[in-house]
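Reading through the structure tokens given below for one structure.
The values are calculated or read from the model by the stated rules, or taken from the named source; none is laboratory data. Not measured: the values here are computed from a predicted model. In this analysis, Cβ positions are derived from the backbone assuming ideal geometry, glycine residues included, and neighbour counts consider all displayed protein chains. We work out accessible area using only protein heavy atoms, side chains counted, and drop any ligands, DNA or RNA first. Shrake-Rupley method; radii C 1.70, N 1.55, O 1.52, S 1.80 Å.
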Amino acid sequence: MKIYYYTFGCKVNQYETENLRQKLSSQGYETVNEPGCADICIINTCTVTARSDSKFKQLLHRIKRAAPDSMIVVTGCFAQAFPEKAHELDGCHIITGTSKQEIPLLIQEYLRDKKPIIRIGKHEKGEAFQPMENKPSAAKTRAYVKIQDGCDQYCSYCIIPYARGHIRSKPIDELKKEVQGLARGGYKEVVLTGINLCCYGKDFVDGTRLVDAVEAACEVQGIERVRLSSMEPEMLLDEDIELMSRLEKLCPQFHLSLQSGCDKTLKKMNRKYTCAQYKELCLKLRRAFPDCVITTDVMVGFAGETDEDFMQTMEFVKEIGFERVHIFPYSVRKGTAAEKFDGQVQKQVKQQRAQQLEKVCGQIRREFLLSNVGRKVKVLFEKEKGDGFHRGYTMNYTPVAVKQTNDCSWRWQTRTVTITGVEGDFCIAQAEE
Ligand code: SF4
């Protein structure tokens, strides 16, 4: 049977779909790229914003039209966080939550009984990290490795703790085994990822922490780079920075979720740091990793955010000089504390603020890219897109493009190049003679 997969949302979701795909492929199911050719369509949902929900519903509608006879499986955060809404979905054959382990069996059950299945389990305190190991698949340079799940922070705007449950971590030996397998399959870079990555190890009794996971991944032969996905700023301790700065394979790129540059708003968001503490952390990271890049997420138009609060965020973003910012307008998530907050900001105002901030961040990004001109950098090149360039990333995730040569051996190679200019969001470089 043929399966079409569609994944919304974060790298954790991408990783989990890939895991499911690998399991089903090993049972003889074939992967197809179009829903119209599929016997089964699996949609892995995200519910981080209202927009994610509406995109999912639009896709569901399209799939039902393109593949009216296929079995539709809906899984992921939307169904887990809003089971009552999941029950109302029309024309779906299997609906599960964020635990995807049972999907192969549920498919068998549906094929046998032909009865719709809705099975959304509950997350329990103390539940174990679901064993998952992705094998090397289509040849790529970079692999994501999920090492943590769940969040107990309950930021007032965020639905994720309700969808993902409590914190739990992948044991170090399992992490190492997975990274070794990926290295044997030719991967050069791994990105350690999780729902709240800095909480890695908090569920272990032996004091294991994120830095231990990073060390374990760095020790794997064949892996040249270890990258970290998004982190919560208050959880990165001085001793972690000190230990991590000694790991040569650790990429100096830190995505520290900011959300707002206004203390009053941060407090309402139930974030656990102030702007001053955030700034201090950036200074420490820039001291420990002189070539580091700091990126972030900023939410605009949170309930009660005034023009003045927003201006404070703008100024703070300029002051830190983030090399990249992911900006998104706040959307009310049912069931969160912020749902009941006064002072909800009009949609149009949120959009205006997002555009204003985008403009400022775009200028900072361009200045950052231009500041690289003249530098010699090491780039790990990736699969060519056939557009006449070899493309890849530096350790700090600066995108670099080199005009394609007849030499085809650039893919998966680390080469030293000199940056000569900037085009769009890429630094343009020349190869060493
Ligand atoms: S730390 Fe806050 S924003 Fe991040 S997943 Fe947890 S509750 Fe959501």
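Contact order, relative form, for the range 2-119: 23 percent (alpha carbon pairs under 8 Å, 6 or more residues apart, mean separation divided by residue count). Looking at the chain, the DSSP beta bridges with both ends there are about 30 percent antiparallel. Between the range 233-251 and the range 1-71, what's the alpha-carbon centroid distance in Å? The distance from the Cα centre of the range 233-251 to that of the range 1-71 comes to 37 Å. Think of it as helices only: each DSSP H run of n ≥ 4 in the chain is worth -39500 (n - 2.57), and spread over all residues that comes to -10500 deg cm²/dmol at 222 nm. Full extension of the chain between Gln101 and Lys334 gives 81.2 nm of extra length, using 0.36 nm per residue less the Cα-Cα distance. Length gained on full extension, Asn33 to Ala128: 30.9 nm, using 0.36 nm per residue less the C-alpha separation.
Take every pair of alpha-carbon atoms less than 8 Å apart whose residues are at least six positions apart; their mean separation over the length of the chain yields a relative contact order of 10 percent. Using a Gaussian network model of the chain in which every pair of alpha carbons under 10 angstrom is joined by a spring, one finds that among Leu243, Leu175, Leu256 the greatest mean-square fluctuation is at Leu243. Of the GluC sites (Glu not before Pro) in the range 363-400, the ones in a loop by DSSP (not H, G, I, E or B) with at most 15 other beta carbons within 10 Å are Glu384.
GNM remark for the chain: springs join alpha carbons under 10 Å apart, and the peak mean-square fluctuation among Ser409, Ser137, Ser230 falls on Ser409. Our estimate of slack between Gln363 and Arg119, defined as 0.36 nm per intervening residue step minus the Cα-Cα distance, is 83.0 nm.
Under the classification rounded if a/c is under 1.5, otherwise prolate if a/b is larger than b/c and oblate if not, where does the range 328-433 fall, given a ≥ b ≥ c as square roots of the Cα gyration tensor eigenvalues? Because a/c hits 1.5 or more and a/b exceeds b/c, the range 328-433 counts as prolate. Over the chain, with every protein chain in place, what whole percent of the accessible area is carbon and sulfur at 1.4 Å, could you tell me? That share works out to 50 percent.
In a reduced charge model with +1 at each Lys and Arg Cβ and -1 at each Asp and Glu Cβ, the chain shows a dipole moment near 780 debye about its Cα centre.
Here's how it looks for His255: its modeled amide H is under 5 Å from those of Met231, Thr295, which are all 5 or more places away or on a different chain. Comparing Val422, Gln277, Tyr200 along the charge dipole axis of the chain, the residue lying farthest to the positive side is Val422, per the Cβ-charge model.
A straight line joining the Cα centroids of the range 279-345 and the range 416-433 runs 31 Å. Taking Arg142, Arg164, Arg246 in turn, the Gaussian network model of the chain (Cα-Cα springs below 10 Å) assigns the largest fluctuation to Arg246. Dipole orientation for the range 347-402: of the candidates Gln356, Thr394, Val379, Gln356 has the Cα lying most toward the positive pole (charges on Cβ; Lys, Arg +1; Asp, Glu -1).
The label-point distance for Lys279 and Gln108, in a model that sets each label 7 Å from Cα toward Cβ, rounds to 6.0 nm. Where a ≥ b ≥ c are the square roots of the eigenvalues of the C-alpha gyration tensor, would you call the range 376-431 rounded, which needs a/c under 1.5, or, failing that, prolate if a/b is larger than b/c, or oblate? It is rounded, given that a/c, with a ≥ b ≥ c, falls under 1.5. Checking the Cα-Cα distances for Lys146/Lys177; Lys11/Lys378; Lys2/Lys383; Lys57/Lys340; Lys23/Lys385 against a 19 Å cut-off, the pairs over it are Lys11/Lys378; Lys2/Lys383; Lys57/Lys340; Lys23/Lys385. The distance from the alpha carbon centre of the range 352-406 to that of the range 86-155 is 35 Å, rounded to a whole number. Whole-Hz Karplus values for the range 142-148 come out as 10, 10, 8, 10, 7, 10, 8 Hz, taken residue by residue from phi with 6.51 cos²θ - 1.76 cosθ + 1.60 and θ = phi - 60°; glycine and proline positions read x. Computed about its Cα centre, the charge dipole of the range 142-289 is approximately 560 debye, with only Lys, Arg, Asp and Glu carrying charge at their Cβ.
Taking the range 367-396 and a reference point 7 angstrom along Cα→Cβ of Ser409, the backbone N atoms nearer than 15 Å belong to 381. Sparsely packed loop sites in the range 213-277 (the GluC sites (Glu not before Pro) outside DSSP H, G, I, E and B with at most 16 other Cβ atoms within 10 Å) comprise Glu219, Glu248.
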